[in-house]
1. When only C-alpha pairs under 8 Å and at least 6 residues apart count, what is the relative contact order of the chain, in percent?
2. Modelling each spin label as a point 7 Å along the Cα-to-Cβ direction, I'd like the residue 47/residue 135 distance in nm, to one decimal.
3. What relative contact order, as a whole-number percentage, does the range 1-116 give when Cα pairs under 8 Å and 6 or more residues apart are counted?
4. Can you compute the helix-only [θ] at 222 nm over the chain? Use -39500 (n - 2.57) per DSSP H run of at least 4 residues, normalise by all residues, nearest 500 deg cm²/dmol.
5. Work from the charge dipole of the range 1-108 (Cβ charges, +1 for Lys and Arg, -1 for Asp and Glu, about the Cα centre) and give the residue of 103, 32, 11 farthest towards its positive end.
6. When the accessible area of the chain is computed with all protein chains present and a 1.4 Å probe, what percentage of it is carbon and sulfur?
7. Round to the nearest 0.05 the FRET efficiency obtained for residue 240 and residue 312 when R0 = 22 Å and r is the Cβ-Cβ distance.
8. Need the full-extension length gain, residue 232 to residue 112, defined as separation in residues times 0.36 nm minus the C-alpha distance. One decimal, nm.
Amino acid sequence: MLSVNRFIRLPLNPLISWLYSRMSIRLGLFIALLIAGVTTLLYGWAQGFLFWFVLRCVWGLAWSILRLGAYYMILDVATNENRGHLMGSFNGLSRIGSLVGMLGGGFFVEWLGLREVTFIFGLMSFLVLPLILQIPTTVHKGGSEKLKLEVSSLLKTPLLVRMLVTVFLFMLCLEGMVTATLSHLIEVRNVSFQIETVIISAATLASLIQGSRLILSVFLSPWIGKKSDGRWGRRPYLIAALLLGALFLIVVELPIPVYLWLINLLAILLISSIMVVLMDAFTSDIAEDKFKAATVTLYIMIADVGSAFGPVLGYLSEQSFGLSATYGISAAVLLVLGVQWMFARDKKPDQVQSTIPT
């Protein structure tokens, strides 16, 4: 149920990219927000698995339209000097929405009830619709090319292929697997706290760590994006994040004090947030030409595949090899990726743009 909105996006992304070649970004965002508002309203009246399943699929459609439209807009207005900052700001603002939704939704459902809360949240979506009308009605440039021909050309670019492999493995090993198994990992470690007569369970600790990640990412994502816009570029930060991610995954299995172990889990999640910003911005650098619609669509599809299969493979791997081996394999994957980026001699993104085959 929780993964279906990711799986449904896989076949929809190429279709949405094609639609953006024939409609304005403003219209796409308007439709996305309208669908999101309607599905949120219906959550309060949904009864049974099938109804919820359909709503999750429709919400996945809305998120795909919204995310692709936002990416295309950033590509159209950004420059090499601010692209990372804009990508980081978009990711940071998305984290604010997630944080408010989880904390506010959980609190008000207990106070008012599910149906009332979904009505309020759905109404909030509709109230934002007038802001969408202020966006210019420009059609995304470059989206009318045939996607299959563009993808076959893009896959001849070594730098882009390296980035696509990185985003797939990273989303599979870290963003997908670790996020899904976080509470289970804390439970296996037998970590819990007791404050007077209240016991803080593994699920609660996982929620607190996730909430802390969202709060810190609001400030961290724009900052790291802006830093990567500077003179050193994005590659050093990308390499550092991959190597640190591998290190923090190894530390998970070390017998360290509980509070340090929990801080290490938070560090892993923050590395994940940093990597998403860096990969978004790096891919946007490569995509700044007439192939940018196909590049972004392909990148988002690969990322969705990794994040969708990550939780499934994470639990299958734990059953087959154990949780320690699963995290060890993930650490090894990130280490190999970091070393490959360290010694790769690919051309810079601005050089790649002028040599992509036509």
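The values are calculated or read from the model by the stated rules, or taken from the named source; none is laboratory data. None of the values given here were measured: they were computed from a predicted structure. Please note: Cβ atoms are built from the backbone with ideal geometry, for glycine as well, and neighbour counts cover all protein chains shown. For the accessible areas, the whole protein counts, side chains as well, though only heavy atoms, and no ligand, DNA or RNA atoms are used. Shrake-Rupley method; radii C 1.70, N 1.55, O 1.52, S 1.80 Å.
1. On the way: 476 pairs, mean separation 101.1, N = 358.
Computed value for the chain: 28 percent relative contact order.
2. Each label point is offset 7 Å from its Cα along the Cβ direction, giving 3.7 nm.
3. Details: 72 pairs, mean separation 39.8, N = 116.
Result for the range 1-116 is 34 percent.
4. Working: 15 runs with 273 residues, N = 358.
The helix-only estimate for the chain comes to -26000 deg cm²/dmol at 222 nm.
5. 11
6. Details: 12210 of 17370 Å².
Using a 1.4 Å probe with all protein chains present, the chain comes out at 70 percent carbon and sulfur.
7. On the way: r = 29 Å, r/R0 = 1.34.
Computed FRET efficiency for residue 240 and residue 312 comes out at 0.15.
8. Stretched out fully, the residue 232 to residue 112 stretch lengthens by 38.1 nm.
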